[in-house]
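The values are calculated or read from the model by the stated rules, or taken from the named source; none is laboratory data. Predicted model only: the values in this text are computed from it and were never measured. Neighbour counts are summed over all protein chains in view; Cβ atoms, including those assigned to glycine, are modelled from backbone coordinates with ideal geometry. Just so you know, the surface numbers come from the protein's heavy atoms only, side chains and all, with ligands and any DNA or RNA stripped out. Shrake-Rupley method; radii C 1.70, N 1.55, O 1.52, S 1.80 Å.
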Amino acid sequence: MLPAPTTRLRFRAMTSSDLPDIATLELGGSRGPAGWIDWNQDNYERHGFGLWVIETRDGGFVGDCGLTVQEVAGERFVEVGWHVRSSLQRQGYATEAAQAVRTAAAAAGVEHLIAIIRPDNIASQRVATKIGLALEREVHKGGGPALVFGADLHPEPRLEPAQSV
Ligand SMILES: CC(C)(COP(=O)(O)OP(=O)(O)OC[C@H]1O[C@@H](n2cnc3c(N)ncnc32)[C@H](O)[C@@H]1OP(=O)(O)O)[C@@H](O)C(=O)NCCC(=O)NCCS
């Protein structure tokens, strides 16, 4: 699966040649940029999704956004995640990408979508809220407190052919 392009952005699989760009993102965690790319390529194989590169319609690197599987209190969920390069932040890119990922997740049959966010990450909390996720619970994850935002997803209704009477 690959989310549909948006007004300003398109999605593509991450490759090893993205390393210098991926290294500019605030990734968090301990994987490092090369490990990040390996992890996502493994996720494409394993789940059919991962974090994809988001780029402008003319191919300028913006960041990444997509889906991963995360465990919360012993249960596995599909999480939407996002990172935007610092020079392009606050222009609505994360929200625009995350909305397209939410739509793609719903179309792929994901029933409940979450975002796990540190309490001090106000920008990410705004992105989650703006794509319709609501605060569900507070947990301890990855060595600290985390807020879990989430929403039930419903597939886009399909237009049924009109019934003749
Ligand atoms: C979180 C992040 C992806 C947001 O990207 P972005 O493209 O700047 O986000 P948007 O432009 O779509 O903005 C979304 C909302 O966040 C707000 N916002 C963005 N940066 C902010 C900041 N530094 N402080 C407070 N609010 C901020 C915007 O104002 C907007 O809210 P509004 O519509 O109410 O004004 C980006 O800051 C980032 O890459 N951060 C580091 C990585 C990270 O934290 N990833 C998520 C891990 S859970």
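This table checks each residue for (1) at pLDDT below 95; (2) small (G, A, S); (3) on the phi > 0 side of the Ramachandran plot.
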residue	(1), (2), (3)
S124	no, yes, no
I131	no, no, no
E136	no, no, no
V139	no, no, no
D152	no, no, no
A162	yes, yes, no
V165	yes, no, no
- Residues in region 62-73 that are open to solvent by 20 Å² or more (accessible area, probe 1.4 Å) and at pLDDT 95 or above total 3
- Item | Filter result (assigned to a loop (DSSP other than H, G, I, E, B) and in contact (Cβ under 8 Å) with a residue 60 or more places away in the chain) within region 6-27 | T6, T7, R8, T24, L25, E26
- Identity of the residue in region 82-96, among the small types (G, A, S) and more than 6 Å from the ligand (Cβ to nearest atom), that ends up surrounded by the fewest Cβ atoms within 10 Å (Cβ to Cβ): S87
- Query: Which one of these does G59 not meet: (1) surrounded by 12 or more Cβ atoms within 10 Å (Cβ to Cβ); (2) in a loop (DSSP other than H, G, I, E, B)?
  - Reply: (1)
- Please work out which one of (1) more than 12 Å from the ligand (Cβ to nearest atom); (2) buried (at least 17 other Cβ atoms within 10 Å of the Cβ) is the condition P5 fails and give its number. (2)
- Report, by residue number, each residue of region 39-55 that is open to solvent by 30 Å² or more (accessible area, probe 1.4 Å) and either touching a Lys or Arg at 6+ places or on another chain (Cβ under 8 Å) or in a strand (DSSP E or B) (or both). W39
- Do we have E79 as crowded, with 17+ Cβ neighbours inside 10 Å, among the charged types (D, E, K, R), assigned to a helix (DSSP H, G or I) and within 14 Å of the ligand (Cβ to nearest atom) here? no
- Item | Pairs with Cβ under 7 Å, 6+ apart, first in region 90-109 and under 19 Å from A134 (Cα atoms), second modelled with pLDDT of 95 or more and near the ligand (Cβ under 7 Å from one of its atoms) | A94/W82; A94/V84; A94/V127; T95/V127; T95/K130; A97/W82; A98/W82; A98/V127
